[in-house]
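The structure under discussion appears below in the form of structure tokens.
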Amino acid sequence: MIPKLMQYVVLPTVQAQASRRQFLLGVFAAGTGIAVGYRILAASPAVASGTPADEAGPHTFSPYLTIDGDGKVTVLSSQFEMGQGSYNGLATLVADELDADWSAIDVRGVAGNVKAYGNVAFGGAIQGTGGSTSMVTSWERYRKAGAAARAVLVAAAASEWGVPPAEITIENGVLAHPSGKTGGFGAFAAKAAAIPTPADVKLKQPGDWKLIGNAKLKRFDSARKANGTEQYTIDIKLPGMLTAVMIHPPLFGAKLKSFDAAAARAVKGVVDVVETPRGIAVVGEHMWAAMKGRDAVTVVWDETAAEKRSSQELMSMYKDLAGKAPTAVARKDGDVEAGFAAAAKVIEASYEFPYLAHAAMEPLNAVARRNEDGTLEIWGGHQFPDVYQTLASQIVGITPDKVQLHVMKTGGSFGRRAVFDGDVVVEAVYIAKAIGYRAPVKVQWTREDDMRAGRYRPAYVHQLKAGIDSSGKLVAWSAHVVGQSIMAKTMFDGMVQNGVDPTSVEGANNLPYVIPNQIVGLTTTDVGVPVLWWRSVGSTHTAFAAETFIDEVAEAAGRDPIEYRLSMLEPQSRHATVLKLAAEKAGWTKPLPKGRFRGVSVAESFGSVVAQIAEVSTDGKGGVKVERVVAAVDCGLTVNPDQVRAQVEGGIGFGLGAILGEEITLTAGKVDQSNFDAYTPLRIDAMPVVEVHILASANPPTGIGEPGVPPVGPAVANAVYKALGKRIRVMPFTKTLNA
Amino acid sequence: MVTLTINGNEHQVDAEADMPLLWVIRDLVGLTGTKFGCGMAQCGACTVLLDGAPVRSCQTFVGDIGVAKVTTIEGLAGKVAKTVQTVWADLDVPQCGYCQSGQIMSATDLLTNNPKPTDDDIDAAMTGNLCRCATYHRIRAGIHEAAKRLEA
Ligand code: FES
Ligand code: FES
């Protein structure tokens with residue numbers, strides 16, 4: 001959910017900024033550096049016990065995997081698992097090279113070793129999960145780790161059996177020699193772990209892969225999710241642990257003036273009520289006690305500096321700005337003015353996108369415990385672990401190496417747990433500190449807290465203009481994006497160049513179509529509502545505006561939407577290929593049953609290109625239903641084809657829910673929605689039939705957690721236009737369809 | 001002290017009458033398979049069976065339970081439930097998995113009462129269970145597949 005940072009050269013930029021920012025000093029200069037990182041790793045139980053003397057293990061082969069004495073392989077994942085299947089993908093890479101037994105594989109999240117776990121796609125200087133980069137950063141690393149472990153297992157067996165290593169084979173976690181000798185990984189794990197791993201290992205040829213690309217491979221973690229035993233942050237229970245709920249400021253930017261907790265303290269089960277820099281925490285023996293206690297607290301807030309505008313006011317300001325000249329230019333080709341002057345026909349449209357909440361199913365939470373030896377442990381959805389480690393250490397007043405992070409799986413995230421300020425993670429630490437570290441404490445947000453805490457997909461207005469010549473050819477294009485910046489004034493501020501936050505314009509400034517004269521402008525607004533990346537980030541709005549507007553242009557040119565797009569694409573391009581594949585699979589040229597209508601779109605995000613064709617039906621009363629979506633995907637080589645399918649299916653449902661009915665609004669600065677009664681993600685009755693077609697590719701894997709999201713909105717909107725004759729330009733659709 | 005029967009075991013819990021069953025199960029009894037998603041009967045993540053019928057435990061209060069028997073995902077038994085759980089793994093239905101205990105409780109109840117549900121039956125029975133990962137496509141397929149296996 002973090003943009004594709006590699007193109008922006010992270011490290012030099014942020015380091016250059018470091019002196020100006022205490023925060024960055026903390027993270028990058030004071031050093032969650034290499035040496036410190038390794039110390040953390042060494043302190044973790046998995047590694048500490050990895051000595052040959054202890055046969056049971058786990059035995060450490062590298063920062064990426066351990067093997068137990070019973071043969072169980074545990075992949076140590078640098079990538080955080082929120083449902084997107086990264087754990088499964090990384091396990092596939094390791095297990096294939098290792099020739100491991102898939103049923104003996106487990107995965108554990110790890111942090112605190114940036115040299116080993118730094119995200120290559122972010123420049124390697126920071127560990128993080130996002131931008132659909134898990135496979136990009138892991139593809140070489142985890143295969144090599146598997147191959148290296150395999151080599152030392154073979155070496156250990158060879159020396160024990162007194163045979164040449166080359167004569168040993170491994171299948172399904174069993175080493176064998178033609179003499180009849182066999183043994184499991186567990187039998188050699190201790191010995192093998194003591195052998196230095198070879199610096200250079202040979203990776204398998206694609207033809208030898210058994211698990212990579214295997215469409216029949218099942219996720220290693222489905223059964224535990226079907227029987228309720230999977231453990232999330234909310235499930236952490238430590239001896240003596242207390243549970244806290246927060247009272248956050250009612251407006252973004254409001255400050256605490258005073259509070260009265262006398263009545264709350266009298267509530268049975270309430271242990272303490274404390275002040276933190278992020279609000280008041282009501283600490284109880286359990287969740288219900290804390291919630292009841294919270295109801296009894298009275299608070300006075302200082303709202304002087306708070307954001308008090310309504311979303312309606314913001315929208316009309318944005319629309320106003322969209323009609324003016326942009327304050328920054330993200331792309332300029334040719335002579336746009338001349339292009340429009342020479343055009344035979346000019347069309348214009350403006351689009352409105354509301355704030356959106358991530359609303360992951362597990363409301364945010366974290367658990368903190370200060371140990372007697374002065375170390376701090378934090379359990380949570382550590383999507384930016386180095387950042388959280390440093391921030392937590394500063395709160396407690398210890399060095400970062402004294403902070404141990406337990407990376408938990410979480411019930412979704414969609415970008416929400418990748419925050420610059422630590423958010424709920426630092427909240428847990430603040431509360432632990434405020435109660436004098438007398439007990440471990442879990443802070444658990446309610447749905448209302450989660451929905452009203454901000455960090456939304458920013459609201460945007462797009463103003464688009466296109467000119468076509470007399471033959472219908474697109475000769476001029478201008479786009480103006482208006483909205484808040486996600487990265488400005490954060491640790492990623494250095495990536496805002498010449499006033500352009502790349503996440504505001506990605507998908508708008510890299511249109512695949514040949515357009516000789518074009519300009520993409522940006523006006524960044526200053527609003528006190530905290531914003532963040534939301535599954536597929538900039539493409540959540542840019543793809544919608546561009547791909548519905550192209551549809552309008554095609555119509556103005558009197559051309560078929562797919563044929564028109566293809567006429568502006570290189571025939572061999574990835575965009576053209578997926579468009580043609582989707583068209584073929586959806587039967588684009590075949591007539592539809594009565595009452596059914598089709599729309600198309602194509603969008604690139606996070607290195608992958610996805611085309612979708614949506615089919616909608618009407619109920620005759622102005623209502624529409626999305627019946628079917630056919631997706632064609634080019635995400636490079638597919639490690640887990642069935643999980644690629646799952647991510648596109650889920651991405652379509654996630655994106656569809658947003659454009660059909662999701663919206664966060666503000667009245668006088670206060671968030672109107674607080675739960676799923678008013679904020680309405682897709683439910684099963686609105687889920688279309690989804691077909692996913694994956695392009696065969698030998699290119700290295702690209703993103704898949706997010707790229708399924710952007711095309712669904714415009715494909716459906718284009719189909720709705722065919723059905724109802726209404727162009728949808730204001731999100732969510734309910735605003736146009738119910739109007 | 002209140003006595004509750006959960007998954008066939010009696011539990012003495014120190015809970016006031018207005019405490020939601022959800023928090024009793026999770027925080028007092030210590031069974032964590034039942035999840036918290038909304039607290040207001042909007043998402044279905046907290047679904048449990050009360051004398052065999054699905055209820056949202058976040059809006060079911062201790063004082064109202066009486067002698068009714070509570071079944072959580074940990075205590076789910078019987079052919080229908082086991083088939084649903086097996087199919088869920090075979091089809092890789094879960095993504096994050098957080099909503100899936102609730103989905104499985106509802107799906108089991110549906111198939112218990114309607115062995116051959118149509119897509120519309122499924123939509124009607126499952127619409128109270130939100131899945132933010134939108135695994136709906138596979139939930140539908142999973143219910144059909146479980147129905148098929150149960151028939152065989
Ligand atoms: S937590 Fe009970 S229905 Fe959502
Ligand atoms: S699987 Fe993630 S919410 Fe349903």
Open item on the list: Taking the criterion of being farther than 30 Å from residue A:474 by Cβ, open to solvent by 20 Å² or more (accessible area, probe 1.4 Å) and among the small types (Gly, Ala, Ser), would at least one residue in region A:264-287 satisfy it?
Closed with: yes
- [ ] Run residue B:81 past the list (1) more than 16 Å from ligand 2 (Cβ to nearest atom); (2) not in a helix (DSSP H, G or I) and report the number of the one that doesn't hold.
- [x] (2)
- [ ] Identify the single condition in (1) under 23 Å from residue A:404 (Cβ atoms); (2) in contact with a strand residue (DSSP E or B) (Cβ under 7 Å, 6 or more places away or on another chain) that residue A:95 does not satisfy, given that it satisfies every other one.
- [x] (1)
TODO: Go through A:90, A:41 for me and flag whichever is within 25 Å of residue A:387 (Cβ to Cβ) and modelled with pLDDT of 85 or more.
DONE: A:90
TODO: For region A:496-503, state whether one or more residues are part of a loop (DSSP other than H, G, I, E, B), at pLDDT 95 or above and farther than 30 Å from residue A:412 by Cα.
DONE: yes
Open item on the list: I'd like to know if region A:683-695 contains one or more residues that are aliphatic (A, V, I, L, M), more than 10 Å from chain B (Cβ to nearest Cβ) and in a helix (DSSP H, G or I).
Closed with: no
- [ ] Mind listing whichever residues of region B:58-75 are crowded, with 20+ Cβ neighbours inside 10 Å and within 8 Å of chain A (Cβ to nearest Cβ)?
- [x] B:72, B:73
Open item on the list: Would you confirm whether or not region A:177-191 contains a residue that is touching a Ser or Thr at 6+ places or on another chain (Cβ under 6 Å), modelled with pLDDT of 95 or more and more than 30 Å from residue A:389 (Cα to Cα)?
Closed with: no
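Okay, residues lined up against (1) open to solvent by less than 10 Å² (accessible area, probe 1.4 Å); (2) within 14 Å of residue A:64 (Cα to Cα); (3) out of contact with any helix residue (DSSP H, G or I) (no Cβ under 7 Å at 6 or more places or on another chain):
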| residue | (1), (2), (3) |
| --- | --- |
| A:115 | no, yes, no |
| A:148 | no, yes, yes |
| A:151 | no, no, yes |
| A:162 | no, no, yes |
| A:174 | no, no, yes |
| A:184 | no, no, yes |
- [ ] Search region B:119-147 for residues being at the interface with another protein chain (Cβ under 7 Å from one of its Cβ atoms) and open to solvent by 30 Å² or more (accessible area, probe 1.4 Å), and hand back the single one that is farthest from residue A:225 (Cα to Cα).
- [x] B:127
Open item on the list: Taking the condition of being within 16 Å of ligand 1 (Cβ to nearest atom) and under 17 Å from residue B:54 (Cβ atoms), how many residues in region B:99-152 meet it?
Closed with: 17
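So that you can scan it fast, the table gives a plain yes or no per residue for (1) aliphatic (A, V, I, L, M); (2) not in a helix (DSSP H, G or I):
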site	(1), (2)
A:393	no, no
A:404	no, yes
A:417	no, yes
A:421	no, yes
A:430	no, no
A:438	no, yes
A:451	yes, no
- [ ] Just one of (1) assigned to a strand (DSSP E or B); (2) among the aliphatic types (A, V, I, L, M); (3) not assigned by TED's automatic domain parsing to the domain that holds residue A:416 trips up residue A:368, so point out which.
- [x] (3)
- [ ] State the number of residues belonging to region A:53-84 that are open to solvent by 10 Å² or more (accessible area, probe 1.4 Å), out of contact with any strand residue (DSSP E or B) (no Cβ under 6 Å at 6 or more places or on another chain) and either within 14 Å of chain B (Cβ to nearest Cβ) or among the polar types (S, T, N, Q) (or both).
- [x] 3
Open item on the list: Against the condition over 17 Å from residue A:727 (Cα atoms), open to solvent by 30 Å² or more (accessible area, probe 1.4 Å) and not in a strand (DSSP E or B), how does residue A:620 come out, does it pass?
Closed with: yes
Task: Restricting region B:87-118 to residues that are at the interface with another protein chain (Cβ under 8 Å from one of its Cβ atoms) and in a helix (DSSP H, G or I), the residue that is surrounded by the most Cβ atoms within 10 Å (Cβ to Cβ) - done: B:100
Open item on the list: Suppose we filter region B:25-57 for residues that are within 16 Å of ligand 2 (Cβ to nearest atom) and open to solvent by less than 10 Å² (accessible area, probe 1.4 Å); how many remain?
Closed with: 11
- [ ] Looking only at region A:340-353, decide whether some residue is under 30 Å from residue A:480 (Cα atoms), more than 16 Å from ligand 2 (Cβ to nearest atom) and free of Cβ contacts under 8 Å to residues at least 12 places away in the same chain.
- [x] yes
Open item on the list: Go through (1) open to solvent by 20 Å² or more (accessible area, probe 1.4 Å); (2) modelled with pLDDT of 95 or more for residue A:200 and report which single condition fails.
Closed with: (2)
Open item on the list: For region A:575-585, give me the residue count where each residue is under 30 Å from the mean Cα position of the chain (by Cα) and surrounded by fewer than 24 Cβ atoms within 10 Å (Cβ to Cβ).
Closed with: 7
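With the requirement that a residue be away from chain B (no Cβ under 14 Å) and either without any contact (Cβ under 8 Å) to a residue 24 or more places away in the chain or within 30 Å of residue A:85 (Cβ to Cβ) (or both), what does region A:401-413 give you?
Selection gives A:403, A:404, A:405, A:406, A:407.
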TODO: Of all residues in region A:123-145, count the ones that are farther than 22 Å from residue A:379 by Cβ, within 18 Å of the chain's Cα centre (by Cα) and surrounded by 24 or more Cβ atoms within 10 Å (Cβ to Cβ).
DONE: 6
Task: Selection within region A:703-712 - away from chain B (no Cβ under 14 Å) and at pLDDT 95 or above - done: A:707, A:710, A:711
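The values are calculated or read from the model by the stated rules, or taken from the named source; none is laboratory data. Quick caveat: nothing in here was measured; it's all calculated off a predicted structure. Ideal geometry is used to build each Cβ from the backbone, glycine not excepted, and the neighbour counts take in all protein chains shown. To get the accessible areas, we keep the full protein, side chains included, count just its heavy atoms, and leave off ligands, DNA and RNA. Shrake-Rupley method; radii C 1.70, N 1.55, O 1.52, S 1.80 Å.
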